[in-house]
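Enquirer: Got a structure for you, written out below as C-alpha cells; questions coming shortly.
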Amino acid sequence: MLELELTELKKGVTNSIHQQLLKSIRQKAELLKINPQAGIHIPKSLIPKIYRGKYDADNLWKIDLSGYWRMIYTIRTTEIEITNFVLDFLDHPTYDKAFGYEKK
C-alpha cells in the first residue's frame with residue numbers, strides 16, 4: 001500500500017481513493033492504540049472459518065474505513081499487554097461474501 005502511495009505522489013497525485021484509504025487505516029490504527037475495542041465486536045458464531053484456522057482467532061472485530069472498506073482485527077492479551085493484530089482489509093463486497101451476508 002505504501003508503494004502505491006509513493007508511486008502516486010511521484011506522479012503528482014496528492015488525493016486519490018488509495019491515499020484516502022491509507023490515511024483512514026493509519027487513523028484507525030492510532031485509535032486502536034488508545035482503545036483496542038474501538039471497533040465492532042463480531043459474535044463468535046459469525047467468525048468465518050478462515051480466520052479461526054489461519055489466524056487462530058477466537059475473537060474478531062471490525063472497524064469501518066473510508067470507501068466502505070473494513071479492517072478486520074483480533075485482540076490478544078497477556079497479563080501485562082493487550083495486542084491488536086490486523087488480519088485483513090476488505091472492500092464491502094468481499095466483506096459481505098466472507099461473512100456470509102447476502103445481497104437482497
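Throughout, read-outs are computed from the coordinates displayed, never taken from laboratory work. Owing to the predicted nature of the structure, the values given are computational and were not obtained by experimental measurement. We place every Cβ from the backbone using ideal geometry, glycine too, and count neighbours over all the protein chains shown.
Enquirer: Which value, in debye to the nearest 20, describes the size of the charge dipole of the chain about its Cα centre when Lys and Arg Cβ atoms bear +1, Asp and Glu Cβ atoms bear -1, and nothing else is charged?
Expert: 260 debye
Enquirer: Compare 64, 56, 91 in a GNM of the chain, Cα atoms joined below 10 Å, and give the one with the largest fluctuation.
Expert: The residue with the greatest mean-square fluctuation here is 56.
Enquirer: Another question, if that's okay. Given the DSSP H assignment, sum -39500 (n - 2.57) over each helix run of at least 4 residues in the chain and divide by its residue total; what's the result at 222 nm in deg cm²/dmol, nearest 500?
Expert: So the calculated ellipticity at 222 nm is -11500 deg cm²/dmol.
Enquirer: For residue 49, give me every one of the aspartates and glutamates with a C-alpha distance below 15 angstrom, ignoring sequence neighbours fewer than eight places off in its own chain.
Expert: 58, 88, 96
Enquirer: Which order results if 34, 82, 75 are arranged by neighbouring Cβ count within 10 Å, fewest first?
Expert: Ascending number of Cβ neighbours within 10 Å: 34, 82, 75.
Enquirer: If you don't mind, another one. Fewest first, what order do 73, 55, 101 take by the number of other Cβ atoms within 10 Å?
Expert: So the ranking, lowest neighbour count to highest, is 101, 55, 73.
Enquirer: Now, a different point. Assuming a ≥ b ≥ c are the square roots of the Cα gyration tensor eigenvalues, decide whether the chain counts as rounded (a/c under 1.5), prolate (otherwise, with a/b larger than b/c) or oblate.
Expert: Cα axes put the chain in the oblate bin.
Enquirer: Could you tell me the relative contact order of the chain? Use alpha-carbon pairs under 8 Å, at least six residues apart, and round to a whole percent.
Expert: With pairs under 8 Å counted, the relative contact order is 20 percent.
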